[in-house]
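The values are calculated or read from the model by the stated rules, or taken from the named source; none is laboratory data. A quick note: this is a predicted structure, and the numbers were derived from the prediction, not measured. Here the Cβ positions follow ideal geometry from the backbone for every residue, glycine too, while neighbour counts run over all protein chains shown.
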Amino acid sequence: MMRERFEAFRAGVFYRGAGLLLLYLVSSACYLYRLERKLDPENTEFLNRVRYIITSREERMFLQLPESERSEFRKKFWRDRDPDPETEENEFKREYFRRMEQADEIFVTEGIAGWRTDRGRMLVLYGLPGQRILNRGGSGIHANCAEIWYYGNFPVVFLDVDCTGFFRLATWDLSPLLTYSLENQMMGFPKDGSVGRKALDSHSLICDVVFRDIRFKPGKLNFVISLFVPFAQMWFQEKGAVLETDIQVRFRLLDEENRELWSFCDTFSLQTDEASLQEEQPGFSRDLPVEVEMVPDGSEKIRYRVFVELINRTGGAALRRMMPLRP
């Protein structure tokens, strides 16, 4: 089904009837990406650790600040989230990092820090579930390994397609978990009230990322990244009769020693209207051909990974995932 969608988009079928999707490149996301790459180790560590709760506005402000002012920003960032400023300890900050440490201890099978995995992210944002069920595989729809977390009566499903210990979040709508978010539980909202919604949205963007046509040649690695984001997952901003949104796309190819071999950063602006969205349009699709200069001998035996980051800039919904690149 996914391949049919990709083929339809490559053939230019974006909308039925008169509906058209306009894509054009903008540079703001890549500009911020370049600023991020220039951060010193201390500020890089800060930004990496708070990605689950920092708002888009805060992140932009932080990156654009002079180096001398970033220390004060970090202090204010946590101060704004302190549920009881009268006490010496910041309970929100303490609980946030306690959950990160807990995720590192529990989720150790995916080759990255536990808090950076999909399950670790859920633990940090919403805490451990009341019930956790592990399905080791079976037949039919349960052929894949799966893990199900229950927050009250609401199930959150993680799938391990190859049963290799790499679990990916498969539940599309996390809105029922708003009351379980760390921000709501601690009442540690920033003064503008935006972080509670950010915690819900920042990891609720669901999309399909497929690596295909993987080929090793003498001195080169070639493959294609196929990306599909359903329109139902996007937030649009209304401007008159036009609906607009931006999708930021970032990919990084890493080797076994976490060396970056290739990177890509782009932001696509989408324009449509309500009538077009109601015509059962599938979503935004993009094929990205990749060619990387590699070590000539034995490169096909190296375990490569691709860091994927997609952000719907309008609502802040995002997907961040480390995926293995397999022939």
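Tell me, yes or no, whether the stretch 2-19 has at least one residue that is at pLDDT below 90, surrounded by 11 or more Cβ atoms within 10 Å (Cβ to Cβ), acidic (Asp, Glu) and closer than 21 Å to LYS93 by Cβ.
no
State which residue is farthest from the chain's Cα centre (by Cα) when the search covers only the stretch 222-269 and only residues that are under 18 Å from ARG34 (Cβ atoms) and of a type in the set (Val, Ile, Thr).
Here the answer is THR267.
So in the stretch 212-231, with the set limited to residues that are farther than 13 Å from SER285 by Cα and of a type in the set (Phe, Trp, Tyr), which one is surrounded by the fewest Cβ atoms within 10 Å (Cβ to Cβ)?
The qualifying residue surrounded by the fewest Cβ atoms within 10 Å (Cβ to Cβ) is PHE216.
Could you tell me whether any residue of the stretch 300-318 is modelled with pLDDT under 75, more than 30 Å from ARG121 (Cα to Cα) and either more than 14 Å from the chain's Cα centre (by Cα) or of a type outside the set (D, E, K, R) (or both)?
Yes, that holds for at least one residue.
Among the residues of the stretch 62-74, is there at least one that is at pLDDT 80 or above, crowded, with 17+ Cβ neighbours inside 10 Å and out of contact with any Asp or Glu (no Cβ under 9 Å at 6 or more places or on another chain)?
Yes, there is a match, as at least one residue in the stretch 62-74 is at pLDDT 80 or above, crowded, with 17+ Cβ neighbours inside 10 Å and out of contact with any Asp or Glu (no Cβ under 9 Å at 6 or more places or on another chain).
Go through the stretch 37-57 residue by residue and tally those that are surrounded by 15 or more Cβ atoms within 10 Å (Cβ to Cβ), free of Cβ contacts under 8 Å to residues at least 40 places away in the same chain and under 21 Å from THR267 (Cα atoms).
1
Limited to the stretch 208-242, what total is found for residues that are aromatic (Phe, Trp, Tyr) and part of a strand (DSSP E or B)?
Adding up the residues that qualify gives 4.
Within the stretch 156-165, can you find the residues that are within 20 Å of VAL308 (Cα to Cα) and surrounded by 20 or more Cβ atoms within 10 Å (Cβ to Cβ)?
PHE158, ASP160
Among helices (runs of 4 or more DSSP H) lying entirely in the stretch 52-120, which contain 3 or more residues that are of a type in the set (Val, Ile, Thr) and assigned by TED's automatic domain parsing to the domain that holds THR164?
Counting at least 3 such residues, we get no helices (runs of 4 or more DSSP H) at all.
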